[in-house]
Amino acid sequence: MDASVADAESAAGLRLMARLEAFAQFTDEPRRLTRLFLSEAHRRAAHAFIGWCGEAGVKAKIDAAGNVVARYEGRRAGAPALMLGSHIDTVRDAGWYDGNYGALAALGVVESLSGRDERLDHAIEIVAFGDEEGVRFRTTLTGSRALAGNYPEDILDQKDADGVLMRDALISFGGDPERAGSLRRSGVAAFVEAHIEQGPRLEAEGLPLGVVTAINGATRLEVVVDGVAGHAGATPMNLRRDALAAAAEIMLAIEERACREPDLVATVGRLEAWPGAANVIPGHVQFSVDLRAPGDANRTAALADVEPRIFAIAETRGVQASIARSHEANAYVCDSSLVAGLAKAVEAVGVSPRLLPSGAGHDTMAMGRLCPAGMLFIRCKGGVSHNPLESITVEDCAIGLKALTQFVRDFRAD
Ligand SMILES: [Zn+2]
């Protein structure tokens, strides 16, 4: 490779890393990164993003739904666009890279093209979504849903914990609640999101990059187990109907079922037992089950095994179980030609292309309703995310940007 090209690439990687650090200073709380949707920190971050776009030679603005959007024209004005981006809102006490990496990498791609005044057959659009984490309001993905023509207008009248209406927050941010429902885009040929993996697989396999095949579908259950509370000293073991011991057996059965399939994951993340005293046999237990898989059929089959198993264990132990489904979302299968194109780009930068599903939800799911959509994963340290310890190396930062740029150059809109 030409030494000047290699220098430019490593400079672009360093610049992206430096921007991620600078961007992390836009926070609603001192000494930790918290940037909630439509907050003051989000507003300042959005304006910094717009400024950086301006330096890269593209005009950016805030759209009606609170996204930052920009367009870098192709050789011919009005050509179909490849849209790149991710979210710039964060959880509380967040890491620096979740979402921000993909939004700033999109800007980095355009910056490198515009620096050489290189125009492609397609336009490139940059988007920095604002509502991915769903921390402030009981919503999520409203920015990407707006672009996909699926904006849930009824959410505008909900309030955050301080009583601020989402509608008013959107207006002070620079959005327009009256127009957010009519942002559906045309002329977008595809959407691609670069994102840290938020899981440990790439690191375990010694790979800096991965290509996402599907975003897991998820089902959440609320399980209630009713037994009989009794004296912990006076009730012999064979005469107990211990709701918590039954729940423990159920949890192990769920874990065992999930372990039988490579990409199926199941978690009991919350459990409460009543009356909750050291000297009383638990009579009533309630717990959550979160079950995810990249294929809807795998998830459905797992549920079809798990649910009867819960009742069977309850029956054997003389307790009663009931199950309610509290959440159900189908998997999003990434567009196969984008998966192939991203795999090719990853290979072109010297990395063996690893295909893997995403366990977490992303804006890509919402954009998939509008156009073909796909994702590129970047390795993160220990798979840690939603945590200030989130970390990526400058080398991985750079190679992710390089692969994304390669993909963008090779992309053909048809
Ligand atoms: Zn994210």
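The values are calculated or read from the model by the stated rules, or taken from the named source; none is laboratory data. Remember, it's a predicted structure, so these values are computed and weren't measured experimentally. Here the Cβ is made from the backbone with ideal geometry for all residues, glycine too, and neighbour counts use every protein chain on show. Just the protein is used for accessible areas: all its heavy atoms, side chains included, with ligands, DNA and RNA removed. Shrake-Rupley method; radii C 1.70, N 1.55, O 1.52, S 1.80 Å.
Is segment 351-414 best put as rounded, prolate or oblate by its Cα gyration tensor, with a ≥ b ≥ c the root eigenvalues, rounded for a/c under 1.5, and otherwise prolate when a/b is larger than b/c, oblate when not? Judged from the Cα gyration tensor, segment 351-414 comes out oblate (a/c at least 1.5, b/c at or above a/b). Based on C-alpha pairs under 8 angstrom that are at least 6 apart in sequence, segment 28-141 has a relative contact order of 33 percent. Bridgeable lysines around residue 344 (alpha carbons under 19 Å apart, same-chain partners fewer than 8 residues away excluded): 402. Enter the accessible area of residue 249 (Å², nearest 10), with the probe set to 1.4 Å and all protein chains included. Only protein atoms counted, so the area is about 70 Å².
Taken as Cα centroids, segment 215-246 and segment 316-384 sit 33 Å apart, rounded to the nearest whole angstrom. Once the chain from residue 121 to residue 157 is taken as fully extended at 0.36 nm per residue, the excess over their C-alpha distance is 8.7 nm.
With the cut-off at 1.5 for a/c, could you classify segment 1-108 from its C-alpha gyration tensor as rounded, prolate or oblate?
oblate
Of the accessible area of the chain, with the probe set at 1.4 angstrom, what percent is carbon plus sulfur? Don't skip to the end; give the middle numbers.
On the way: 9130 of 17820 Å².
Carbon and sulfur together cover 51 percent of it.
Positive-end ranking of 78, 266, 64 along the dipole of the chain, with charges on Cβ about the Cα centre, is headed by 78. Accessible surface of residue 328 in the full protein assembly, 1.4 angstrom probe, to the nearest 10 Å²? Approximately 90 Å² for this residue. For the chain, the solvent-accessible area works out to 43 Å² per residue, with a probe of 1.4 Å and every protein chain left in place.
When nucleic acids and ligands are ignored and a 1.4 Å probe is applied, residue 114 ends up with an accessible area of around 30 Å². Only Lys, Arg, Asp and Glu carry charge here, each on its Cβ (+1 for the first two, -1 for the last two); on that basis segment 272-382 has a dipole of about 320 debye about its Cα centre.
Expressed to the nearest 5 percent, the antiparallel share of DSSP beta bridges inside segment 43-200 is 45 percent.
Largest GNM mean-square fluctuation across 102, 115, 85, computed for the chain with C-alpha springs under 10 Å, falls on 115. A simple charge model with +1 on the Cβ of Lys and Arg, -1 on the Cβ of Asp and Glu and nothing else charged puts the dipole of the chain at about 240 debye relative to its Cα centre. Listed by chain and number, the aspartates and glutamates placed with their C-alpha closer than 18 angstrom to that of residue 61 are 40, 73, 89, 111, 125, 131, 176, 178; residues fewer than eight positions away on the same chain are left out.
Of the residues 4, 385, the one with the largest accessible area comes first in the ranking 4, 385, computed with a 1.4 Å probe on protein heavy atoms.
With the charge dipole of the chain set up from +1 on Lys and Arg Cβ and -1 on Asp and Glu Cβ about the Cα centre, the Cα lying farthest toward the positive end among the listed residues 366, 210, 280 is that of 366. Checking the a/c ratio against 1.5 first, then a/b against b/c, what shape does the Cα gyration tensor give for the chain? Note, shape of the chain comes out prolate.
So in the chain, what percent of DSSP beta bridges are antiparallel if you round to the nearest 5?
In the chain, approximately 70 percent of DSSP beta bridges are antiparallel ones.
Taken about its Cα centre, segment 19-157 carries a charge dipole of roughly 260 debye when the Cβ of each Lys and Arg holds +1 and the Cβ of each Asp and Glu holds -1. Taking all protein chains together and a 1.4 Å probe, the residues 21, 55 rank 55, 21 from largest to smallest accessible area.
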